[in-house]
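These notes are about the structure you will find just below.
The numbers here are math on the coordinates, done by the rules we state, and not lab data. None of these values were measured; they are calculated from a predicted model. Glycine also receives a Cβ, built like all others from the backbone with ideal geometry; neighbour counts cover every protein chain displayed.
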Amino acid sequence: MSRIAPTFTQLQARGRKALIPFVTAGFPFADITPELMHAMVAGGADVIELGVPFSDPSADGPVIQKAGDKALAAGVGLVQVLAMVREFRLKNDSTPVVLMGYANPVERYSQMHRRPDAKKGTSAFVQDAAAAGVDGVLIVDYPPEECEEFAAELKSHGLDLIFLLAPTSTIDRMQQVARIASGYVYYVSLKGVTGSGALDTDAVEAMLPRIRQHVSVPVGVGFGIRDAATARAIGRVADAVVIGSRIIQLIDDQPRDQVAATAEKFLREIRLALDS
């Protein structure tokens, strides 16, 4: 079992909502990610989503695209991301870590790291992710109807497969996701890419009961949460609040010795709002 379900269980027992920050691995400096992850935990993060840099991130807006481009230019790929998680685990063995990204790096990783004990296409990735201390993966372009074997393989290694749902998701899609999702589902609150548009909290509040009719795992909400006020509003109805683009913006122009502190300060404000 991954660390995700116990974390949500503990939070629910305490009447708290999960705070899930997202950062792109290797941004804004190639070697800063483990330090930044520890700072986010100190700021109140319950789960960390770590973005795997990719050249064609179809779901990401310009802020996260830019971060990914910078990380790629610094030589950060999936191999380096797993090394970052391993380093983080040297001092933190309790905070769940979810890798968020796209199919291409996963498929390419397994092609490049074939081993006698890794027969399936994604086996090398799953084995190495589990060994590094990853708890879950969210692959944007792996639809549920095409990755049941992948989900089963992850589960056999104690990892969760997390899916996106959107304002346009049909009941059929919700049921497909519910059949194989574990950990939590990520509700994309906007019809667009990350960081775009204004968050309609009323629309989110109306949608979540529909999702919960079909999905039994916790529901996190992201895309468009930028400050304490929106986090508090979403926290009233969701099980988790996911924040990414705003953190990337805040740390983008910071000197290296201020990156971790900047993220920690921002998350403390969000944590306080969620708990109020």
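Numerical summary
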| item | result |
| --- | --- |
| Cβ-based net charge around Glu49, under 13 Å, with every Lys or Arg adding one and every Asp or Glu removing one | -4 |
| Extension reserve of the Ser156-Thr170 stretch, reckoned as 0.36 nm per residue once the Cα distance is removed | 2.1 nm |
| Segment Thr9-Glu149, extension gain: residue separation times 0.36 nm, minus the distance between their alpha carbons | 47.7 nm |
| Among Pro53, Pro218, Pro143, residue whose mean-square fluctuation peaks in a GNM of the chain (springs only between Cα atoms under 10 Å) | Pro143 |
| Measure of compaction for the chain (Cα Rg per 2.2 N^0.38 Å) | 0.93 |
| Radius, Kirkwood style, for segment 192-276 when every pair of distinct Cα atoms is counted (Å) | 13.9 |
